[in-house]
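Have a look at the structure below, then the notes.
The values are calculated or read from the model by the stated rules, or taken from the named source; none is laboratory data. This is a predicted model, so every value here is computed, not measured. Here the Cβ positions follow ideal geometry from the backbone for every residue, glycine too, while neighbour counts run over all protein chains shown.
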Amino acid sequence: MSKEKSDALFQLIKSLKKSEKRYFRLSVSKEGNGGSTKYLRLFDLIDAQKEFDEDNLLKKDPNINPKQLSNLKAHLYKKILQSVRQYSQSSILDIEIREMIDHAQILFNRSLYDQCATVLKKAKKQASKVDNLELQLEILKWEKNVLTQTLGPGNQVRVNRIIAEVQDTNNRINNINTFTNLSVKLNSLYFKIGFIRNQSDYEKIVNMFNISLPVYEEEELSLNEKLNLYSLFVNYYFFIQDFKNGYRFAKKWVALFDKHKEIRVSKVEMYIRAINNLMIAQYKLYKYYEFVETSRQLRQIRHFPKNVMNENIRLKLLKYTYVHEFNRFFMLGDFAIGVRLLNKIKPRIEQIIAQLDNHSTLIMYYKMACLYFGNGDYREAIYWLNQIINSEAVDIREDIHSFARIVNLISHYELGNVDVIDYYIRSTYRFLLKKDDMYDFQRHILKFLKKLSYHFTEDQLIPEFKKLRKQLLPLQNNPYEKRAFIYFDIISWLECRIEKRSVAAVISEKAQVILKRQKVVFG
């Protein structure tokens, strides 16, 4: 077994929950032969290691033959997967259906066609229940095989029914493939540039979307088709900054899971994504009370069956829970409370960040930096902004890289680091021009900060802040310039400087006005 595969075995064992390890040990022990003892011994030795060390394994157990170790590890890897499959069978319906199909194949091979047909009927009912089209197609394939062996009265009717079902299922699968292919294309562009920057971006995305989207009747779509269609529309509308329509489809997406509660467990990852996107829309549109209600729905997922809560799902839940808790602090201006929480859980956050993909890592860094900035902890904000600025992943979310540099500049200004501002302005200029991300918002701020690098008295500063605020306010209504305000509430920062108050106080005051208005509507 190669080092790569050895590492894979180590990682697989380390990914197991305590209950899964216990189940594996019990199932192997029941085999009651010499080989099972070796597997169990090897399993326990690897489980006890912090890093995989083959030499150490052989020292710990001289009974393990070095020449046999490669095969032993390969068989152990397979046995673990079989055990996990069996352990998860009762709680993951897809696995249960696949096993029924396997049973149908065994019965067919033994010429027990009636029994095979009975098992396929049960499997089909279950597959229809969760609208798993791929498994339905596999079941239909075996139904066709059974059909050739069980000719009789009404045979033509059965043939026509199966052909029609195969055609319908294929059409639905093709629709889903089209929806998901388009969604992947959109995500790929979004992960590179972030929200659309100009008319050219807008036309490119809209044209690609309209050309690729198939003709469909929404009412006639299956459950799976609708889930993937709504996911696609949310991605599309978010990308072009149409958060109202993004919110509308995110609500439809989550409502579909609420209507078909049985699929929440089998499609838990998509369910989490649906809730996350709805909360993003509620945050962007400042629907605070709805946001709080949806956050409860997100937390309830922690109580799903243990077999479903794998490491991937737990990580996603933690990531979205923390990000949206940060967003709640931003909405209310509760930066001091947010920072106290962040400082308390920082070791846990850093542990989570180490497991995240590059895109999620950038988001987390930026959220943390803005939380510290809002609380006036500019040194700490700069620390997290530098994690973005010095990152090698500069081709992922170029927009976040751009605005991290803007917030970094403002943080240095707040700390009075006037001597480095000129350097950072030139560096930021070069970066923005290179990434084609130089627009009026950025120009006004960079020009303003360059001016501030000269000596101004406190009284001379106020008119400069007012002037910049006047320049920026109209940009909030510009379809492309307004994206800048998504990343950083520059207006509140300027108002805090003009009114000589904290950012938190300014944002909190605005929040209270909005919340009072919403409370009347929300009830």
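Quick look at the numbers
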{"quantity": "Members of the range 132-141 found to be crowded, with 17+ Cβ neighbours inside 10 Å, out of contact with any Ser or Thr (no Cβ under 6 Å at 6 or more places or on another chain) and within 21 Å of F257 (Cα to Cα), listed by number", "calculated": "N132, L135"}
{"quantity": "Given (1) under 24 Å from I507 (Cβ atoms); (2) surrounded by fewer than 19 Cβ atoms within 10 Å (Cβ to Cβ), number of the condition L356 does not satisfy", "calculated": "(1)"}
{"quantity": "Only listed residue being surrounded by 16 or more Cβ atoms within 10 Å (Cβ to Cβ) and under 30 Å from N343 (Cβ atoms), chosen from Y429, Y413", "calculated": "Y413"}
{"quantity": "Restricting the range 185-208 to residues that are within 18 Å of the chain's Cα centre (by Cα) and of a type in the set (A, V, I, L, M, F, W, C), the residue that is nearest to Y487 (Cα to Cα)", "calculated": "F195"}
{"quantity": "Members of the range 132-154 found to be farther than 30 Å from V268 by Cβ and part of a helix (DSSP H, G or I), listed by number", "calculated": "K144, N145, V146, L147, T148, Q149"}
{"quantity": "Unmet requirement for R497, which otherwise passes all of (1) among the charged types (D, E, K, R); (2) out of contact with any Ser or Thr (no Cβ under 8 Å at 6 or more places or on another chain); (3) free of Cβ contacts under 8 Å to residues at least 60 places away in the same chain; (4) surrounded by fewer than 17 Cβ atoms within 10 Å (Cβ to Cβ)", "calculated": "(4)"}
{"quantity": "Cβ pairs under 9 Å, 6+ apart, first in the range 121-139 and at negative phi, second hydroxyl-bearing (S, T, Y) and in a helix (DSSP H, G or I)", "calculated": "V130/S266; N132/S266; L133/T169; E134/T169; Q136/S128; Q136/T169; L137/T169"}
{"quantity": "Listing of helices (runs of 4 or more DSSP H) fully contained in the range 158-272 that carry 3 or more residues being of a type in the set (G, A, S)", "calculated": "243-259"}
{"quantity": "Filter result for the condition that a residue is free of Cβ contacts under 8 Å to residues at least 60 places away in the same chain and of a type in the set (S, T, N, Q), over N198, N224, N245", "calculated": "N245"}
{"quantity": "Failed item, numbered, when A381 is tested on (1) within 17 Å of Y487 (Cβ to Cβ); (2) out of contact with any Phe, Trp or Tyr (no Cβ under 6 Å at 6 or more places or on another chain)", "calculated": "(2)"}
{"quantity": "Of residues in the range 490-523 being modelled with pLDDT of 85 or more and part of a loop (DSSP other than H, G, I, E, B), the one nearest to D201 (Cα to Cα)", "calculated": "S502"}
{"quantity": "The range 185-223, residues that are of a type in the set (D, E) and either farther than 14 Å from Y236 by Cα or modelled with pLDDT under 85 (or both)", "calculated": "E217, E218, E219, E220"}
{"quantity": "Residues (at pLDDT 80 or above, assigned to a helix (DSSP H, G or I) and either touching a strand residue (DSSP E or B) at 6+ places or on another chain (Cβ under 7 Å) or not aromatic (F, W, Y) (or both)) located in the range 405-418", "calculated": "R405, I406, V407, N408, L409, I410, S411, H412, E414"}
{"quantity": "Residues satisfying the stated conditions in the range 403-414, i.e. touching a Ser or Thr at 6+ places or on another chain (Cβ under 8 Å) and touching a residue at least 40 places away in the same chain (Cβ under 8 Å)", "calculated": "I406, L409"}
{"quantity": "Selected residue (criterion: surrounded by the most Cβ atoms within 10 Å (Cβ to Cβ)) from residues of the range 80-131 that are more than 28 Å from the chain's Cα centre (by Cα) and outside any helix (DSSP H, G or I)", "calculated": "L112"}
{"quantity": "So D395, is it of a type in the set (D, E, K, R), touching a residue at least 40 places away in the same chain (Cβ under 8 Å) and not in a loop (DSSP other than H, G, I, E, B)", "calculated": "no"}
{"quantity": "Any hit, the range 418-433, residues being touching a Lys or Arg at 6+ places or on another chain (Cβ under 9 Å), within 30 Å of K244 (Cβ to Cβ), in contact (Cβ under 8 Å) with a residue 12 or more places away in the chain and not polar (S, T, N, Q)", "calculated": "yes"}
